[in-house]
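Reviewing the structure listed below.
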Amino acid sequence: MTDNERDDQELLEKARHDPDAFTALYHRYLTPVYRYVFIRIGNRHDAEDITSKVFVDALEGLLNRRYHEDGKFASWLFTIAKRRVIDHYRQHSSTKLPEEIEWAFPGQDPFDQVLLSENKTRLSELLKQLDEEKQELVRLRFAGELSFGEIATLEGKSEAAIKMAIRRIIQWLRENWEVNNG
Amino acid sequence: MVDLDYSLPPDIEAAFNDYLSSLEPAPGFAALLEQELRHRHTELSAKKHFFSSPFLQWRRGKIVELVRTQPLLALIITLIILALLTGAAYAFGKLAGYIPGFGFTSDAQSVYLLSEPVETSGEDLILSVEQAVSDKARFWVKISIKGMINQEDFFQAFVSLPDGEKLPFQVGDTETNETENTTLIYLFPPLPDATDQLDLLIEGLGGQNFLIPLKLRPAKPDEILPSAPEPPTPLRSETHNGISMVLDHIAPSNEGTIFQASLQFDQPGMFILGDWNVSLMDQHGLIYPAIDISSNTENGNTKIFRTAPFTGNEQLTVSLNVFPYSDELPVYLDFSTDDANRFVFDPGPEPVLGQVWPLDNSIDVGGYMLRAVSARLASPDQLLFEFESPSNVTGVMLYTPDPLLLGGSGGVPQADGKISAGMTFKSIPSQAFEVRITGVYYTAHGDWVIQWRPPAAPQTSEIPATATAFPIQAPGATPTLSSSDPILLEVQNLAQKFDEPFQTGPAWIYIKIEREINPRPGQDFPPPYILSEEWIETGCGRLCDPQRAH
């Protein structure tokens, strides 16, 4: 069990009776969950709506003992998030998966903005070339900030397999980034 | 963010980080969701366990939608559910007095019912016994009286058994309906198995004594049993600061008495913060175990406990315990749906760090008179409000609909007796805004105790061995408890050596283990709910009677 998981565990034990403990968990996971949902949905309004549902589901699940202590809280939370995103697409069947997300760079130097904007565009192009399974790993690892173990639990695979897959993705990104740069 | 072995090239990482840093949740959204989660946490914690069953998680809207769009399917589902519930209830009814996760039931196989209504009369009074039911948990009788003019409180009822034993009633209730008929309900301890006749004695009713012979018959296998009346007047503690403790259900058995205790509030939106428990002590000062066996789905205001079987002669004091101070119950009073508790605060156009605004706003929040006396800009984005309050109020929760709000925090009591509470903003509003008090934290003081004479365990079979303390029970020939715990083995060994010269039979060791969790100055010690007791029988050695050993 990692330090984060141990911290989660302590907070979870308290959170069943203590709103402050659940609030601490909320603060810990709000941004990763929101980022993950935003990337999958592509607009702020729906991302906020889904993020709210994820945390309300988690709270209810926790108080109604649907979450088991032997599990990984982050994996469980992101399982809820994934389901909520899928529900969203089912309910809004006309909604297309976001291909472009509005990029924003508040407070950046104009020169850096141009440079970073180019980098982001290049990154976006590269990520779009990955299949959905690999894109999901990137989202969980970098936006969701999940550990390899947590992703493994969430995806139902071994930790070694997840590490291998992510290393290959990074390798592929590195090679193609340099090719595009060149 | 990424392990060394899995690091991204700097350019990619920078692009990633910048992209992700632009995906921060809006502060207003984060603050509102936090408030919503806090509110929901409080609400959910208080909901009865019934509503937490997965079936009832179905939203009302979905049910209505189903009935509207697919009425036939809805009807079939309803019939299936009814059939399942009826079957389950019947199956449960066949079981013992308490079923974990279900509740208190009767054993239909050993139920006896009144074989026929009985009527008797005295001066101006006609008494009709309408129902009498004997099961393993109790014997109860319902009597209708015509002609009773005055409500009388002090009459006695007994059951006289064929062997001459006389049982006094445990709980009685009187109610008069619109036709001026009076109904008496008496609950007695359980009768000996297969009792089919007895006399009911009522003394002092209208200045008269009545002796009513009753005949009972076994319930038929599929007979619908009359529902047992709940104890008409549940045992209840005094109410302190709007809270009382109630003994809701009691189920005696040979293996232990199960009882349910609840905390009840005199207004909605009240929640206990923290855990609570009860302790049991009899008239001789003996402590009985009260083991919390509440199911996970029980709400925090109701708990089910298992204790020892009783003889019926114990007079118990049931005391509420709260950790760490047994007479101080932390309570939260929620007013989040009530926007009447508010005042308007104007920080002005250019507030300065450290600036103090004197205030004089009195607000009656659920009977607690609070007075906002000042506000202070404690940091560039935080305002701290100070309140004068009654001494048992320990904090308030603040909220404002202003979109700049990031979050609110309840404060702690200050040395001068005032309380403070903060509000954090994205930036301090430049206009007047409304400050709402959405919750009050206070400490309820009191001595929540119930005097209880628990019903006797059924005498139909030998009381089995129990590893739980049973202070008044004479030790029976229980098998030696096997344990691999090195401490217990050492205790057994030492006791054996110590007792051997005097031992003429088996001996019992009483082990009491006290554990403390974060003790604080001034707490009651030890808190009974972390005290465990155990009886262990030692081997009887060469002096033991070999006949008895088998």
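Every number here is computed from the coordinates shown, using simple stated rules; none is lab data. All of these numbers come straight from a predicted model, not from anything done at the bench. Don't worry about glycine lacking a Cβ; one is built from the backbone with ideal geometry, like all the others, and counts go over all protein chains shown.
Stretched out fully, how many nm does the piece from residue A:121 to residue A:160 gain, at 0.36 nm a residue minus the Cα gap?
10.9 nm
For peptide B:23-30, compute the average count of partner chain beta-carbon atoms within 10 Å of each residue's beta-carbon.
For this peptide, the per-residue mean of nearby foreign Cβ atoms is 6.
Mind giving me the FRET efficiency for residue B:315 and residue B:339? R0 is 45 Å, r the Cβ-Cβ distance, nearest 0.05 is fine.
Once the sixth-power term is evaluated, E becomes 0.35.
For residue B:203 and residue B:21 in the same chain, what is the full-extension length gain: residue separation times 0.36 nm, less their Cα-Cα distance, in nm?
57.2 nm
Please compute, for peptide A:18-29, the average count of beta-carbon atoms on other protein chains lying within 10 Å of each residue's beta-carbon.
For peptide A:18-29, the averaged partner shielding equals 3.
Under a plain spin-label model, where a point goes 7 Å from the Cα along Cα-to-Cβ, how far apart in nm are residue B:353 and residue A:167?
4.9
Show me B:159-167, B:381-389, B:308-316 ranked by packing, highest mean number of other Cβ atoms within 10 Å first.
Those peptides, ordered most packed to least, come out B:381-389, B:308-316, B:159-167.
What does the structure give for A:7-17 when I average, per residue, the other chain Cβ atoms found within 10 Å of the residue Cβ?
Neighbouring Cβ atoms belonging to other protein chains average 1 per residue here.
Could you state the principal axis extents of the C-alpha atoms in segment B:245-316, from the largest down, to the nearest angstrom?
40, 24, 18
Work out how far the C-alpha atoms of segment B:307-426 reach from end to end along every principal axis, then list the three figures in whole Å, largest first.
On the principal axes, segment B:307-426 reaches 75, 31, 24 Å in Cα extent.
Within the set A:14/B:418; A:120/B:426; A:128/A:163; A:82/A:128; A:82/A:163; A:72/B:426, which residue pairs have Cα atoms separated by over 31 Å?
Result: A:72/B:426 exceed 31 Å.
Would you mind putting B:444-452, B:138-146 in packing order, based on average other-beta-carbon counts within 10 Å, highest first?
Taking the mean over residues of other Cβ atoms within 10 Å, the ranking is B:138-146, B:444-452.
Put a dot 7 Å past each Cα toward the Cβ at residue A:4 and residue B:451; how far apart are the dots in nm?
Result: 6.0 nm between the two label points.
At 25 °C and a viscosity of 0.890 mPa s, what translational diffusion coefficient does Stokes-Einstein give for segment B:243-367, taking Rh as the Kirkwood radius over Cα pairs? Give it in µm²/s as a whole number.
Calculated translational D: 134 µm²/s.
Quick check: the distance between the Cα centres of segment A:6-43 and segment B:256-288, to the nearest angstrom?
33
What's the ranking of A:149-161, B:341-353, B:428-440 by average number of surrounding C-beta atoms within 10 Å, highest first?
Taking the mean over residues of other Cβ atoms within 10 Å, the ranking is B:428-440, A:149-161, B:341-353.
Rounded to two decimals, what is the ratio between the C-alpha radius of gyration of segment A:117-182 and 2.2 N^0.38 Å?
1.16
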